Amino acid sequence: MTIFACSTGPEAEVGTSSTTSPASVRQTDAAGRTLPFENPFEKRWNSSNDGTPYEPCTAVDQRVADEVGLDLSTTADAAAVSGQTLRGCRWDYAGEEVGGWGADQVVADFESLESYKNDNKLFNWRPDITLNGRTVGVTSMNDTNCFTYVQSYQSGVTTAASYRTLPAPTLDEVCERAIELTKATIDKIPNG
């Protein structure tokens, strides 16, 4: 039996032989590039992380991974549930000598770096740096995790590096890895 529905307005679809069913879930970024994993979450993109079209999971490609030492075979979605505020990916670094190293890059809607700093005063903020003309915040919450923040339209893109085993390297070394990954992707992060 065929059921026809009529709709007007922005959600109306033009009839085609291949329509999208309500059960299908988006698998591509805003530019149409396929995510490097099967996305099970209907609300992976949502009103808490849609302030920029930037997608970390497709931005970190083989060129970026080779430049900073990430193992792309370890790519994993940062989301744990549908509708999560953060949207992005996490990776392990390649090679046995860096077995404790991990990185992630996520997007969440936020007004500005200054506003983000104001809401996170307990973080250990370092002096801002400039990468390709962009102001980048650098901070940590503990001695084994460091991350950067750069504004992209109405979202903040945070890029973190962490070390998961002991003895840990210095926090300066951890921050340097977060900065390296930020530097390798900053030209892909829309400035606005």
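The values are calculated or read from the model by the stated rules, or taken from the named source; none is laboratory data. Remember, predicted model here, so these are calculated numbers, not experimental data. Neighbour counts are summed over all protein chains in view; Cβ atoms, including those assigned to glycine, are modelled from backbone coordinates with ideal geometry. Note: accessible area is taken over every heavy atom of the protein model, side chains too, but ligands, DNA and RNA are not part of it. Shrake-Rupley method; radii C 1.70, N 1.55, O 1.52, S 1.80 Å.
Numbers below:
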| read-out | value |
| --- | --- |
| In region 152-192, residue nearest to ALA31 (Cα to Cα) [restricted to those that are modelled with pLDDT under 95 and hydrophobic (A, V, I, L, M, F, W, C)] | ALA168 |
| Strands (runs of 3 or more DSSP E) (entirely within region 45-118) containing at least 1 residues that are open to solvent by 20 Å² or more (accessible area, probe 1.4 Å) and of a type in the set (S, T, N, Q) | 70-77 |
| Pairs with Cβ under 6 Å, 6+ apart, first in region 109-136 and touching a residue at least 40 places away in the same chain (Cβ under 8 Å), second open to solvent by 90 Å² or more (accessible area, probe 1.4 Å) and among the hydrophobic types (A, V, I, L, M, F, W, C) | none |
| Lone unmet requirement of (1) in a loop (DSSP other than H, G, I, E, B); (2) farther than 17 Å from ASN49 by Cβ; (3) in contact with a Lys or Arg (Cβ under 9 Å, 6 or more places away or on another chain) for ARG126 | (3) |
| Search result, residues across region 144-186 that are more than 18 Å from ASP92 (Cβ to Cβ), in contact with a helix residue (DSSP H, G or I) (Cβ under 9 Å, 6 or more places away or on another chain) and part of a helix (DSSP H, G or I) | LYS183 |
| Filtered residues of region 35-92 (kept if of a type in the set (Asp, Glu) and free of Cβ contacts under 8 Å to residues at least 12 places away in the same chain) | GLU38, ASP61, ASP66 |
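Here's the yes/no breakdown for (1) farther than 19 Å from VAL107 by Cα; (2) buried (at least 17 other Cβ atoms within 10 Å of the Cβ); (3) in contact with a Lys or Arg (Cβ under 9 Å, 6 or more places away or on another chain):
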position: LYS121; (1), (2), (3): yes, no, no
position: THR130; (1), (2), (3): yes, no, no
position: GLY133; (1), (2), (3): yes, no, no
position: VAL138; (1), (2), (3): no, yes, yes
position: MET141; (1), (2), (3): no, no, no
position: PHE147; (1), (2), (3): no, yes, no
position: ALA161; (1), (2), (3): no, yes, yes
position: LEU166; (1), (2), (3): yes, no, no
position: THR170; (1), (2), (3): yes, no, no
